[in-house]
Amino acid sequence: MTHSLKPVLIVEDSAEDFTALGRAFRKHALQNPVFRCEDGDQALDYLMGFGNRDAWPATLPAIILLDLNMPGTDGRTVLGKLKETPRLNHIPVIVFTTSSNLKDINECYRLGANSYVTKPVDYFALEEKVRLIVQYWLESNELPSIN
């Protein structure tokens with residue numbers, strides 16, 4: 001099951017990291033479209049007004065992979081706003097970041113993160129983490145159908 005092929009939203013400022021993630025998703029045969037927001041402001045624009053721009057999906061994402069450290073509105077702020085907004089708070093947010101700082105981890109769970117995954121530097125380790133994310137969040141887990 002790929003949850004009606006709702007998009008997977010990746011909020012990631014690094015084009016290189018997004019390219020690597022896209023490659024890893026394709027390797028694991030992800031059927032869902034992958035949509036990127038380059039920063040927190042763009043992510044909030046899309047999520048608060050999904051479907052309002054031609055280039056944006058007309059549906060909310062099945063899951064969100066959220067980087068923490070971005071210029072402008074950072075991932076913590078995005079996470080907090082998502083989880084306090086009733087029509088968005090059901091979307092699983094997987095914080096996917098290079099930080100393994102316990103303070104960041106605790107803060108993200110306090111804000112409502114559904115998962116916290118440390119982004120590996122090694123590409124093959126990244127592929128394995130992506131495989132596990134796809135397997136759990138999009139194939140095994142039952143997600144809400146609210147949109």
query = Any residue in segment 128-135 that is touching a residue at least 24 places away in the same chain (Cβ under 8 Å) and over 22 Å from residue 22 (Cα atoms)?
reply = no
ask   = Of (1) surrounded by 14 or more Cβ atoms within 10 Å (Cβ to Cβ); (2) over 21 Å from residue 137 (Cβ atoms); (3) modelled with pLDDT under 90, residue 51 satisfies all except one. Which?
value = (1)
key: Test: residue in segment 69-83 that is loosely packed, with under 14 Cβ neighbours inside 10 Å, touching a residue at least 24 places away in the same chain (Cβ under 8 Å) and under 21 Å from residue 141 (Cα atoms)   = no
query = Can you find even one residue in segment 107-123 that is under 26 Å from residue 23 (Cα atoms), hydroxyl-bearing (Ser, Thr, Tyr) and either touching a residue at least 40 places away in the same chain (Cβ under 8 Å) or touching a His at 6+ places or on another chain (Cβ under 8 Å) (or both)?
reply = yes
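The values are calculated or read from the model by the stated rules, or taken from the named source; none is laboratory data. Only a predicted model underlies this, so the values are computations on that prediction, with no experimental measurement involved. We place every Cβ from the backbone using ideal geometry, glycine too, and count neighbours over all the protein chains shown.
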